[in-house]
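Asks: Here it is: the structure, laid out below.
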Amino acid sequence: MSVAGPLPLVPDCGGPIRTIALALPAAFFAESRTDDTVSPLIPIGNLLSALPSDVTAAIVIDHASFATAQDWLDSMQVPCTTTLVPLAEGDSVPHPWIQDMFHVRTGDQEEGTAAEFVSVAQSALSVTLAEHLGATVTHLDVALAGGNQLVGPDFRLVGHSSLVDDRGFGKAAAAPSQRWRKVQALDGRRVHSFGYRPEDLGKVPVAFDLSTTRICKPVIAGGKMHQCGFHVDQFVSVTGLKRGDRPLLLVADPVAHGECDARAAIDLKRKLDASALSLARQGFAIERNPIPVSPAIDTNKCLPRLYNNVLLENVTRPGQKRPSVWLPHFGDREALEAFDVVNRQIWDGLGFQAIGVAGWSHLSSRNGALRCAIKVINRERNTKL
């Protein structure tokens, strides 16, 4: 008798999105002062306002925030359906990056309903949300934040730091690590690694055609690889498309902006150039999109703006001409309108209706953006992939 594999994870591409979840800490609802530089509810409200009317958003909040959160929602009259999910008294939303807190396995693929939340750690939030949505909860025995994994149609791209055993740093690995095997067991899709080889730094020519890169054997998680950034979703977007016979990824291409020293952007670019080369060796097609490294509006720290942190569909909704992609924008608060425009144009060129969601400068100092703040709970099946 064959042993059934795990239920598939909800992908980052595919059919129309039906249910999403967000988590809003109590601090987001604190009374604003006139001298406040950031207002984190602005990008969240803009996102909810940009979603279709047939999407349901479950918003987890602290118990004490319920009345204030309801007033905030009522003031916007967003088109999508919203439901507040308060935690029990004594529990609290730790941060807004719900993407990292758990993974979602889909149950009945015909219905697109979520069957199981795979929690990264013991979490009152995932348990409460699962109860609200009628899902079950299991626990993952390996540290894998949702932001460090992208789920494609038939592959998963996982940040190298989540694949290497602690004992593996500084050593070459001839076989998959124990952590790699545990991550692979989470879903039946093949795992690929997001990382770079130090010897590739500075050796990728500016005009190098990655489509000509020879495909190599999968990179084993060993000490000779490093990861750029905290999470793969900071700098890479799944598209759900193919170029030739290769799955197409969008990989960030940093440039210095504003008062930021060029060295910070150059270092990040060298790492992402080498990471793009590694992805091409693993069989991916690569397109690059420019992102600025610019001072954050509250801390003045030079940080990249995460234009790759997107939400997308590959099916055209009724009444639309193209599938939609929602991407974070920063030009409403910073002099970054040109980057907003060119990133929309790139997605337009890939066949999407690019929907810019303004306001993410208010959260840029927290190293997150749109995808970080959302968990897709279910999608309709995509028969066109």
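The values are calculated or read from the model by the stated rules, or taken from the named source; none is laboratory data. Just so it is clear, the model here is predicted, and its values are computed rather than measured. With ideal geometry, Cβ positions are generated from the backbone for all residues, glycine too; neighbour counts draw on all protein chains shown. Surface accessibility is based on the protein's heavy atoms, side chains included, excluding ligands, DNA and RNA. Shrake-Rupley method; radii C 1.70, N 1.55, O 1.52, S 1.80 Å.
Asks: Give me a comma-separated list of calculated 3J(HN,Hα) values for the stretch 121-136, in order, Karplus coefficients 6.51, -1.76, 1.60 applied at θ = phi - 60°, integers in Hz, x for any Gly or Pro.
Replies: Each residue's phi maps through the Karplus curve to give 8, 4, 8, 5, 5, 5, 5, 5, 5, 4, 4, 5, 9, x, 9, 9 Hz.
Asks: Quick one: which residues, 5+ away or cross-chain, put their amide H under 5 Å from the amide H of Ser294? H built at 1.01 Å from N.
Replies: Leu303, Arg305
Asks: Once all Cα-Cα distances of the chain are split into 20 Å bins that start at 0, what whole-number percent is in each one?
Replies: It works out to 28, 61, 11, 0, in whole percents.
Asks: Taking amide H atoms as placed 1.01 Å from N in the peptide plane, list the residues 5 or more away in sequence, or in a different chain, whose amide H sits under 5 Å from that of Val310.
Replies: Those lying under 5 Å, H to H, from Val310 are Arg371.
Asks: Val85's amide H: which non-local residues (gap 5+, or another chain) put their own amide H closer than 5 Å, with H modeled 1.01 Å from N in plane and none for Pro or chain starts?
Replies: Here the answer is Ile59, Val60, Ile61, since their amide H atoms fall under 5 Å of that of Val85.
Asks: Between Asp91 and Gln178, what's the calculated FRET efficiency when r is the beta-carbon distance and R0 is 45 Å? Round to 0.05. Intermediate values should be presented prior to the final figure.
Replies: On the way: r = 32 Å, r/R0 = 0.72.
For Asp91 and Gln178, the calculated efficiency is 0.90.
Asks: Moving to a separate point now. Please turn the phi angles of the stretch 269-278 into ³J(HN,Hα) values with the Karplus equation 6.51 cos²θ - 1.76 cosθ + 1.60 (θ = phi - 60°), one per residue in order, whole Hz, x for glycine and proline.
Replies: Here the 3J(HN,Hα) series is 5, 4, 5, 6, 4, 5, 5, 4, 4, 4 Hz.
Asks: Okay, moving on. Which whole-Hz couplings ³J(HN,Hα) result when phi for each residue of the stretch 337-343 is put into the Karplus expression 6.51 cos²θ - 1.76 cosθ + 1.60, θ = phi - 60°, listed in order with x for Gly and Pro?
Replies: Along the stretch 337-343, the couplings run 4, 5, 5, 4, 5, 5, 5 Hz.
Asks: Right, another one. Per the helix-only calculation at 222 nm, which mean residue ellipticity applies to the chain, given -39500 (n - 2.57) for every DSSP H run of n ≥ 4 and division by its residues, nearest 500 deg cm²/dmol?
Replies: So the calculated ellipticity at 222 nm is -5500 deg cm²/dmol.
Asks: Within the chain, count lysine pairs with alpha carbon atoms under 13 angstrom apart where the residues are 8 or more positions apart or belong to different chains.
Replies: Values: Lys171/Lys224; Lys203/Lys269; Lys203/Lys271; Lys242/Lys384.
Within the chain, the lysine pair count is 4.
Asks: Let me ask something additional. Assuming 1.306 mPa s and 10 °C, estimate D for the stretch 38-167 with Stokes-Einstein, Rh taken as the Kirkwood radius over Cα pairs, in µm²/s.
Replies: Taking Rh from Cα pairs, D becomes 96 µm²/s.
Asks: With all protein chains present, calculate the accessible area of Leu133 using a 1.4 Å probe and round the result to the nearest 10 Å².
Replies: Using a 1.4 Å probe on the heavy atoms, I get roughly 60 Å².
Asks: Express in Å², to the nearest 10, the accessible area of His362 obtained by rolling a 1.4 Å probe over the protein heavy atoms while all chains stay in place.
Replies: Roughly 20 Å² of His362 is accessible to a 1.4 Å probe.
Asks: Next up: So how far apart, in nm, are the two label points at Ser75 and Asp348 if each is 7 Å from Cα heading toward Cβ?
Replies: 3.3 nm
Asks: Quick check on the chain: of the DSSP beta bridges with both residues there, what percent are antiparallel, nearest 5%?
Replies: Roughly 40 percent of the DSSP beta bridges within the chain come out antiparallel.
Asks: Still on this model: Find the accessible area per residue for the chain; the probe is 1.4 Å, ligands and nucleic acids are left out, and the unit is Å².
Replies: Computed with neighbouring chains in place, this is 43 Å² per residue.
Asks: Taking a ≥ b ≥ c as the square roots of the Cα gyration tensor eigenvalues, with a/c under 1.5 meaning rounded and otherwise prolate when a/b beats b/c, else oblate, which class fits the stretch 276-332?
Replies: oblate
Asks: Could I ask something else about it? Which distance in nm do the two modelled labels at Ala26 and Arg190 give, with both placed 7 Å along the Cα-to-Cβ direction?
Replies: Roughly 4.9 nm, to one decimal.
Asks: Between Thr83 and Ala121, what's the calculated FRET efficiency when r is the beta-carbon distance and R0 is 25 Å? Round to 0.05.
Replies: The formula returns an efficiency of 0.55 here.
Asks: Take the solvent-accessible surface of the protein heavy atoms, probe 1.4 Å, and return the percent of it on the chain that carbon and sulfur atoms account for.
Replies: 51 percent
Asks: Follow-up question, since we're still on this one. What relative contact order, as a whole-number percentage, does the chain give when Cα pairs under 8 Å and 6 or more residues apart are counted?
Replies: Computed over the chain, the figure is 21 percent.
Asks: Let me ask another. Heavy atoms only, probe 1.4 angstrom, no DNA, RNA or ligands counted: give me Leu7, Leu363 ranked by accessible area, highest first.
Replies: The ordering from most to least exposed comes out as Leu7, Leu363.
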